[in-house]
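First up is the structure itself, then whatever we jot down about it.
The values are calculated or read from the model by the stated rules, or taken from the named source; none is laboratory data. These numbers were taken from a predicted model, which means no experiment stands behind them. With ideal geometry, Cβ positions are generated from the backbone for all residues, glycine too; neighbour counts draw on all protein chains shown.
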Amino acid sequence: DQQVKQNSPSLSVQEGRISILNCDYTNSMFDYFLWYKKYPAEGPTFLISISSIKDKNEDGRFTVFLNKSAKHLSLHIVPSQPGDSAVYFCAAKVGGADGLTFGKGTHLIIQP
Amino acid sequence: NAGVMQNPRHLVRRRGQEARLRCSPMKGHSHVYWYRQLPEEGLKFMVYLQKENIIDESGMPKERFSAEFPKEGPSILRIQQVVRGDSAAYFCASSPLGGNYGYTFGSGTRLTVV
């Protein structure tokens with residue numbers, strides 16, 4: 001049972017344009033959401049997070065939007081840069097739990 | 001200030017052998033989390049430890065897997081009598097506080113069972 005779904009295995013975006021990565025979840029008990037970025041042969045790197053009491057959080061070029069009624073969140077990267085090419089994982093946490101539930105990831109490719 | 005250190009980076013074991021994966025958290029971090037990533041999958045939570053205590057092992061397989069985080073030294077994830085299905089990337093993350101989920105992950109140990 002996939003509680004966190006990233007339905008696009010890959011996404012190709014031109015450099016300088018906006019990248020939008022999507023994530024859907026099924027567990028209404030999730031109260032905290034995170035995005036991680038992963039390069040090959042490295043561990044995931046924390047990017048940005050959002051609490052379920054908010055609908056938007058911004059950090060530089062990265063903005064995460066949360067739509068609780070749709071159980072959907074998205075990560076916007078603008079402008080996209082070549083170094084953004086990586087696999088992006090959406091993750092979520094149930095209140096009181098210790099572990100994160102991860103999606104399968106979306107491979108973002110930034111085209112020059 | 002070194003990051004989370006995992007070793008070995010690559011580990012090959014024959015079926016039935018034991019695998020020991022080590023994780024040294026970042027300096028000052030006393031909370032350690034282990035995750036497993038099977039091919040084409042997302043990371044799956046296995047266990048959460050503080051120094052000398054297992055806090056949450058709800059994601060650990062009931063048999064053959066164990067974890068420890070002693071007072072001195074790295075955290076160890078131990079897999080006894082490995083099977084082909086244990087082949088995966090095992091990631092360790094550390095945090096200075098419980099409840100802080102912007103973890104710092106290590107580069108992982110890639111276990112291959114032949």
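What the table shows:
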| quantity | calculated |
| --- | --- |
| Answer from A:Gly60, A:Gly43 - the residue that is more than 30 Å from B:Arg110 (Cα to Cα) and among the small types (Gly, Ala, Ser) | A:Gly60 |
| Residue identified as more than 16 Å from A:Pro44 (Cβ to Cβ) and free of Cβ contacts under 8 Å to residues at least 60 places away in the same chain among B:Leu49, B:Leu38, B:Leu11 | B:Leu49 |
| Per-region count, region A:86-112, residues surrounded by fewer than 20 Cβ atoms within 10 Å (Cβ to Cβ) and more than 7 Å from chain B (Cβ to nearest Cβ) | 9 |
| Cβ-Cβ under 8 Å pairs, at least 6 apart or on other chains, region A:9-27 side on the phi > 0 side of the Ramachandran plot, far side surrounded by fewer than 18 Cβ atoms within 10 Å (Cβ to Cβ) | A:Gly16/A:Pro79 |
| Leading residue by the ranking (surrounded by the fewest Cβ atoms within 10 Å (Cβ to Cβ)) among those in region A:15-46 that are away from every other protein chain (no Cβ under 13 Å) and under 14 Å from A:His76 (Cα atoms) | A:Gly16 |
| Any hit, region B:28-45, residues being modelled with pLDDT of 95 or more and small (Gly, Ala, Ser) | no |
| Hits in region B:35-61 - residues which are closer than 15 Å to B:Pro96 by Cα and among the aromatic types (Phe, Trp, Tyr) | B:Tyr48 |
| Residue in region A:52-85 that is surrounded by the fewest Cβ atoms within 10 Å (Cβ to Cβ), counting only those that are within 14 Å of chain B (Cβ to nearest Cβ) and either touching a residue at least 24 places away in the same chain (Cβ under 8 Å) or under 14 Å from the mean Cα position of the chain (by Cα) (or both) | A:Asp59 |
